[in-house]
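The values are calculated or read from the model by the stated rules, or taken from the named source; none is laboratory data. All figures in this text were calculated on a predicted structure; none of them were measured in a lab. We place every Cβ from the backbone using ideal geometry, glycine too, and count neighbours over all the protein chains shown. Side chains included, ligands, DNA and RNA excluded: accessible areas come from the protein's heavy atoms. Shrake-Rupley method; radii C 1.70, N 1.55, O 1.52, S 1.80 Å.
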Amino acid sequence: MHRSEPEGRQPGARSRLLETAARVFYTEGIHKVGVDRIVTEAQVTRATLYRHFPGKEDLVLAYLDEADRAVRGQAEQALAAGLPAGEALRTLSRSIAATIQSPGFRGCAFLNAVAEHPDPGSPVHQAVLAHRRWFLDTATTLLAPIGGTSAEPAARHFVMMRDGAMAAGCLFDPTLISETFLRGVDRLLEISATRGHSG
C-alpha cells in the first residue's frame, strides 16, 4: 500500500489522533504516554500530529475538551427533558452511575489530569478548574428550585459525593458504589427540599 502521502490529507486523521490520545491518556496517564506512542497507534506521521496539535499539551487540552463535552451532554439531556428539578438531578446522577459501571472505568478524567498537572498556572490545570466551575454551577441550577438559598452548599455537597463515587468506583465494586452514590443523592434532595420549604 502506498503511504507516501501525508496522512493529514486522509479524512479522520485528527479524530484518530484524539481517539488514541483519549484512550491511552485515560487508561495509562498523561505523563507516561509520549507522542511517539500516539503517532504509532493512530497510524499517522509526526508531521500530521503537529499539524493538528502543535504540542502534546494541545492534544491533552483537546482530550479534556472532548471529555467536557461528554459530561455537558449528560447535563444538557437532564436539563432539556423538562423534568422536575429533583428528577433532573437524579437523571444526571444515574448517568454518572452508568459511567462508573462502564467497562474500563478508571475514575474521573479531570481529577486524573489535575493530579498530573498540579501547577495552578498550567493550561491543563486551568481547563480542569473551568470544567469543575461549570459542573458546580450546573448542579446549583438544578438544585435552586428545591433548595432556594441553600442550593449552592447542596451543590458543593453533590459534587463532593460525585468525586468520591468516581474515585471509589475504580477501586471497589462499581455497582455498590453507584447504589451508595444514588442513595446519597436521594437523601441530599430530601434535605434540600426541607431546607427550601423552611426558608
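Quick check: is even one residue across the range 167-177 of a type in the set (A, V, I, L, M), closer than 18 Å to V71 by Cα and touching a residue at least 60 places away in the same chain (Cβ under 8 Å)?
Scanning the range 167-177, I find at least one residue that is of a type in the set (A, V, I, L, M), closer than 18 Å to V71 by Cα and touching a residue at least 60 places away in the same chain (Cβ under 8 Å), so the answer is yes.
With the requirement that a residue be of a type in the set (K, R), surrounded by fewer than 14 Cβ atoms within 10 Å (Cβ to Cβ) and under 17 Å from the mean Cα position of the chain (by Cα), what does the range 42-99 give you?
R69
Just for helices (runs of 4 or more DSSP H) wholly inside the range 100-199: which have at least 1 residues that are open to solvent by less than 80 Å² (accessible area, probe 1.4 Å), farther than 18 Å from Y26 by Cα and among the hydrophobic types (A, V, I, L, M, F, W, C)?
Hits in the range 100-199: 123-147, 151-168, 174-198.
What's the total number of residues in the range 83-99 that are closer than 20 Å to R156 by Cα and either touching a Leu at 6+ places or on another chain (Cβ under 8 Å) or among the β-branched types (V, I, T) (or both)?
Matching residues across the range 83-99 total 11.
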